[in-house]
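Working notes, beginning with the structure itself.
The values are calculated or read from the model by the stated rules, or taken from the named source; none is laboratory data. The shown structure was predicted, so the numbers you read here are calculated from the model rather than taken from an experiment. Neighbour counts are summed over all protein chains in view; Cβ atoms, including those assigned to glycine, are modelled from backbone coordinates with ideal geometry. The area values use the complete protein model at the heavy-atom level, side chains included, leaving out ligands, DNA and RNA. Shrake-Rupley method; radii C 1.70, N 1.55, O 1.52, S 1.80 Å.
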Amino acid sequence: MPPESSSLGSLARAVRTRRVSSVELVRAALERIAADRLNAVVAIRADEALADARRVDRAVRAGRRLGPLAGLPALIKDTEDVAGMRTTHGSLLHAEDSPAGADGLVTRRLRAAGAVVVGKTNAPEFAFEGYTANRVFGATGNPWRPEWSPGGSSGGSGAALAAALAPIATAGDGGGSIRIPAALCGLAGLKPTAGVVGREPIPDWIDLTTAGPLATSVADVALLLRVLAGPTPGDPTAQDRWRLGPTTMPRRAFALASFDSGVRLGRPVAAMFDAALRAVEGDLRMRVKRLESRDVIASGYQTADWFRIAGPEQLHALGEDRLTRHADRLDPVFRRAMELAATIPARDHIEARRRRFAYSRAIDDLLGDDAVLLTPTLTVEGWFADGRLPDRDRPGLPSEVFNTELANLTGHPALSLPAGRYASGVPFGLQVIGPRYREALLIGFGRAWERARPWPEVADGFTPFAAR
């Protein structure tokens, strides 16, 4: 399916054929952002964006060839550099940093494809939590239910897309940070195979993190993936021969409620998951084989392994001296996490890294090159905007609420798709994990699912972003 079949492709085509100008789209985005009450966008570059849009429109009039995102407004997660804008990482430690002198890798690739950067989206401190709240900008609400969280760490981007503040908003995923907002905001979000999108600079969680597409449709996910993919000098995992290629459907499907053998889904989550599996079998005509956690990883999956790896690596990036000197400036949940990370012995960190190989082999053996594994993206319905689970009085999320972290440990691609809504109004996400470098298999499944079970382009009460 060509890029023009996506809403992003259609918008860009409207710019290239002069049915709408980039200036009109950028002004529309700025107007929507100004009216936002979700706290999704935390900084704008209005004058600069309009100047960039005018350059796009001049290029259109001159008949110049433009990229697949020609003239489209884009929001950048506030963990990625934009030249002339401050990158706070949601932390008081960086709230007064000087503006970035150059664009980061994702920003450069979007601009090269023709996108116009209009601002930045909110993120938790150092992108370490599954909800989007920090001491610099506060909490972001979910467009479907503002008192609930849009997830994290790309929750500002997820909320911005579901509220149609802009047609593009960037995301990264080191433990689920694309797929969690996709699930909670009713979006499609893909964590690519490790190495498909080059990393620059070195991620804080060295082997776990990648940028990837978050969008309102699977076609937009595919288009953005093509824009973002590609190696970069210095990244030892980067794949220079990867191509998305023709989309295909998987031949086999497995299902698992949770990778953690100790987790039992609550009734609402189990009901949504069962309904999704019935739809896969009925609408997609795929037989689904249900598995238990030990069927997938015979040696057992230790949910703490993600933190045993990411925690010390985040602490190293932060610096133990800064943890000591600036503890009072850190978000309390993040501070407690770093204090706990400081107690993890090097042996435990290394053993967790070694277990990644067993986890990876187990998923490789299960999926082969033609199967997918279906799970709920999250094992709970959601949480409040400040990071509190409904039955708890303090912010902070335990690892067992996520089914996302294992794919970061193993490097496999994983796609979250909208698969219904709870009685609360919060969307439910179905996670689809595929074989390495077989993103085309996930896109094929996602397109078939979207045709059979279409979802709203935006949250209730919001108007899709479209050419006037």
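So here's what we get for this one:
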| quantity | calculated |
| --- | --- |
| Qualifying residue in segment 150-162 (condition: in contact (Cβ under 8 Å) with a residue 40 or more places away in the chain and open to solvent by 10 Å² or more (accessible area, probe 1.4 Å)) | no |
| Filter result for THR377 (in contact (Cβ under 8 Å) with a residue 60 or more places away in the chain, β-branched (Val, Ile, Thr) and closer than 18 Å to THR132 by Cβ) | yes |
| Helices (runs of 4 or more DSSP H) enclosed by segment 1-80 - at least 3 residues per element that are open to solvent by 60 Å² or more (accessible area, probe 1.4 Å) | 22-34, 46-61 |
| Segment 246-262, residues that are surrounded by fewer than 19 Cβ atoms within 10 Å (Cβ to Cβ) and either closer than 24 Å to ALA423 by Cα or polar (S, T, N, Q) (or both) | THR247, THR248, SER261 |
| Search result, residues across segment 427-440 that are farther than 16 Å from THR375 by Cα and surrounded by fewer than 24 Cβ atoms within 10 Å (Cβ to Cβ) | ARG436, TYR437, ARG438, ALA440 |
| Number of positions in segment 272-295 that are within 17 Å of THR379 (Cα to Cα) and within 25 Å of the chain's Cα centre (by Cα) | 7 |
| Residues within segment 204-234 that are assigned to a loop (DSSP other than H, G, I, E, B) and either of a type in the set (S, T, N, Q) or open to solvent by 20 Å² or more (accessible area, probe 1.4 Å) (or both), tallied | 11 |
| Segment 48-59 residues that are over 15 Å from ARG13 (Cα atoms) and in contact (Cβ under 8 Å) with a residue 12 or more places away in the chain, paired with ones that are open to solvent by 30 Å² or more (accessible area, probe 1.4 Å) and not in a helix (DSSP H, G or I) (beta carbon under 7 Å, 6 or more apart) | GLU48/GLY84 |
| Subset of segment 137-149 (residues that are open to solvent by less than 10 Å² (accessible area, probe 1.4 Å) and not in a loop (DSSP other than H, G, I, E, B)) | ASN142 |
| Test result for THR88, β-branched (Val, Ile, Thr), over 18 Å from the mean Cα position of the chain (by Cα) and open to solvent by less than 40 Å² (accessible area, probe 1.4 Å) | yes |
| Residue satisfying condition, being more than 25 Å from ARG355 (Cβ to Cβ) and touching a strand residue (DSSP E or B) at 6+ places or on another chain (Cβ under 9 Å), within set TRP242, TRP306 | TRP242 |
| Qualifying positions in segment 101-121 - among the hydrophobic types (A, V, I, L, M, F, W, C), surrounded by fewer than 24 Cβ atoms within 10 Å (Cβ to Cβ) and out of contact with any Pro (no Cβ under 7 Å at 6 or more places or on another chain) | ALA102, LEU105, ALA112 |
| Residue count, segment 319-364 (criterion: under 25 Å from ASP386 (Cα atoms), touching a residue at least 60 places away in the same chain (Cβ under 8 Å) and open to solvent by less than 40 Å² (accessible area, probe 1.4 Å)) | 5 |
| Qualifying positions in segment 155-174 - farther than 20 Å from ALA219 by Cα and assigned to a loop (DSSP other than H, G, I, E, B) | GLY174 |
| Restricting segment 441-468 to residues that are open to solvent by 10 Å² or more (accessible area, probe 1.4 Å) and aliphatic (A, V, I, L, M), the residue that is farthest from SER360 (Cα to Cα) | ALA467 |
| Hits in segment 393-418 - residues which are hydrophobic (A, V, I, L, M, F, W, C), open to solvent by 20 Å² or more (accessible area, probe 1.4 Å) and touching a helix residue (DSSP H, G or I) at 6+ places or on another chain (Cβ under 8 Å) | PHE402 |
| Filter pass, LEU318 being more than 23 Å from LEU406 (Cα to Cα) and within 26 Å of the chain's Cα centre (by Cα) | yes |
| Odd one out for TYR301 among (1) within 25 Å of the chain's Cα centre (by Cα); (2) open to solvent by 60 Å² or more (accessible area, probe 1.4 Å) | (2) |
| Checklist (1) polar (S, T, N, Q); (2) open to solvent by 40 Å² or more (accessible area, probe 1.4 Å); (3) touching a Pro at 6+ places or on another chain (Cβ under 8 Å) applied to ASN134, failing item | (2) |
| Whichever residue in segment 163-178 is of a type in the set (A, V, I, L, M) and farther than 18 Å from ALA407 by Cα and, among such residues, is surrounded by the fewest Cβ atoms within 10 Å (Cβ to Cβ) | ALA164 |
| Test: residue in segment 186-198 that is open to solvent by 30 Å² or more (accessible area, probe 1.4 Å), in a loop (DSSP other than H, G, I, E, B) and of a type in the set (Ser, Thr, Tyr) | no |
